[in-house]
Amino acid sequence: MQAVNWQSFGWKRNYVRVYPLGETPYNAWKIVGMPRIPDAENLAFFMYKNEGDAKRNKKSGATGFIVTVPYKSYGSHVPKDTVHRYVVTNEHVVNKFDGATPIGATTIRINTGEGCPPFVRHLPIKDWIVDKPNDIAVCPIELEDTDCEIIVIELQTFVTNYIMENADIGIGEDVFMVGRFVDHTNTIENEPVARFGCISHIAREKGSNRAERFFVDMHSRTGYSGSPVIVYRTPRSNMKELFEHVRSDIDAAFIFLLGVHKGSFPEEWEVHRNYANKGDPDHWKELKTIGASGLSQVIPAQYLHDLLMNDEDLIEMREQREKEEENNRAEDGFPFQDENHEDGGDITGDEILETMLNTPPETHEEIKDK
């Protein structure tokens, strides 16, 4: 398992003439264009009603992804990647019942390697923590002893209110999501399909008179519920310097989790059908039907962040797991934390943002050489 890292994207470089405002033009290699997304097929996984449907890859269900929350503290012998992992999807995906019988898609299917049978696990509805008003569901999961090939999304890369303001994320930012195209089947492994678009409307904080969802100009369909929606900025794509005539960092780029895909806005379509005399153009009856628009809703990552960090059950489970880890290491002679090692603490939004904006991305060739 690996974490999303914008520096690993397959950026292109061109030798261009740069014209900085008020300064002498110069030639330089600059990152340009849309980056290639590495291992996109492992950014999300598929969800089904039961293990039988998962193994047959039945044409129903939704999408999920995994996020991580770091341990509250690290000892000298605790690996830096020691984290709590959670499956994330929509509440409406898992929280369905036929009477008292749960019928939601609570079984996950994750790739394990090319040509290998996928990892399938049923997660009972009682294990899920849901935020019904915001249509979010999370479930703790252990994957240390599995062969899962999955890219996890770290808590520090969520678009929080702080990131929104300080990265100046606004209308027109590029987004993509990776999810389940249910009509494209492969019984051996998951093959998610990416869709691309841009932000059309900015979510506002609760209590305001504006929508609490991001609107994105990106088509969706059945199966994409619960998909991770990623916002990214490529170098030289910020038009603020053009409109406001100010110079900004032309190499600034980032990638963050914008939120969880909820679904498309419904749209009423007119349909005309000839009921009377076939061939008589004057005998048409107007009908209307409901279809999916090209505008999708995205639940802000801030709400997912709040659920993970504030839910009392999740906090208690994390504390219990970390205490067990501490006791196990003490029994083995390895202290969970010693007097010379300080708490890891939370990584603040300004730290992760500063790192992203000030660290030059690697080229595709540099990545391949590793």
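The table that follows gives values for the structure above.
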{"quantity": "Every residue from the range 39-62 that is surrounded by 17 or more Cβ atoms within 10 Å (Cβ to Cβ) and either in contact with a Leu (Cβ under 7 Å, 6 or more places away or on another chain) or at pLDDT below 85 (or both)", "calculated": "E41"}
{"quantity": "D311 being among the charged types (D, E, K, R), modelled with pLDDT of 75 or more, within 29 Å of T160 (Cβ to Cβ) and touching a strand residue (DSSP E or B) at 6+ places or on another chain (Cβ under 6 Å)", "calculated": "yes"}
{"quantity": "Enumerated strands (runs of 3 or more DSSP E) restricted to the range 99-195, each holding at least 1 residues that are modelled with pLDDT of 90 or more and closer than 18 Å to Y224 by Cβ", "calculated": "107-110, 136-140, 151-154, 174-179"}
{"quantity": "Filter result (surrounded by 11 or more Cβ atoms within 10 Å (Cβ to Cβ) and within 30 Å of K132 (Cβ to Cβ)) within the range 311-329", "calculated": "D311, L314, I315, M317, R318, E319, R321, E322"}
{"quantity": "Looking only at the range 89-129, and only at residues there that are among the hydrophobic types (A, V, I, L, M, F, W, C) and in contact with an Asp or Glu (Cβ under 8 Å, 6 or more places away or on another chain), the one that is farthest from I150 (Cα to Cα)", "calculated": "I129"}
{"quantity": "Tabulated pairs, the range 41-57, first part of a helix (DSSP H, G or I) and among the aliphatic types (A, V, I, L, M), second crowded, with 19+ Cβ neighbours inside 10 Å and modelled with pLDDT under 90, C-beta under 8 angstrom, 6+ apart or interchain", "calculated": "A54/P118"}
{"quantity": "Neighbours by Cβ (under 8 Å, 6+ apart or cross-chain): first from the range 258-283, surrounded by 10 or more Cβ atoms within 10 Å (Cβ to Cβ) and at pLDDT below 60; second part of a loop (DSSP other than H, G, I, E, B) and hydrophobic (A, V, I, L, M, F, W, C)", "calculated": "H283/A276"}
{"quantity": "Residues (more than 23 Å from I151 (Cα to Cα) and either crowded, with 20+ Cβ neighbours inside 10 Å or modelled with pLDDT under 75 (or both)) located in the range 217-242", "calculated": "P235, R236, S237, N238, M239, K240, E241, L242"}
{"quantity": "Tally, over the range 86-98, of residues that are assigned to a strand (DSSP E or B) and either acidic (D, E) or modelled with pLDDT of 95 or more (or both)", "calculated": "5"}
{"quantity": "Cβ pairs under 8 Å, 6+ apart, first in the range 94-123 and under 14 Å from E51 (Cβ atoms) and free of Cβ contacts under 8 Å to residues at least 40 places away in the same chain, second buried (at least 18 other Cβ atoms within 10 Å of the Cβ) and of a type outside the set (V, I, T)", "calculated": "F119/R109; F119/N111; F119/C148; L123/C139"}
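The values are calculated or read from the model by the stated rules, or taken from the named source; none is laboratory data. Quantities reported herein were computed from a predicted structural model and do not represent experimental measurements. Cβ: placed from backbone, ideal geometry, glycine included. Neighbour counts: every protein chain shown.
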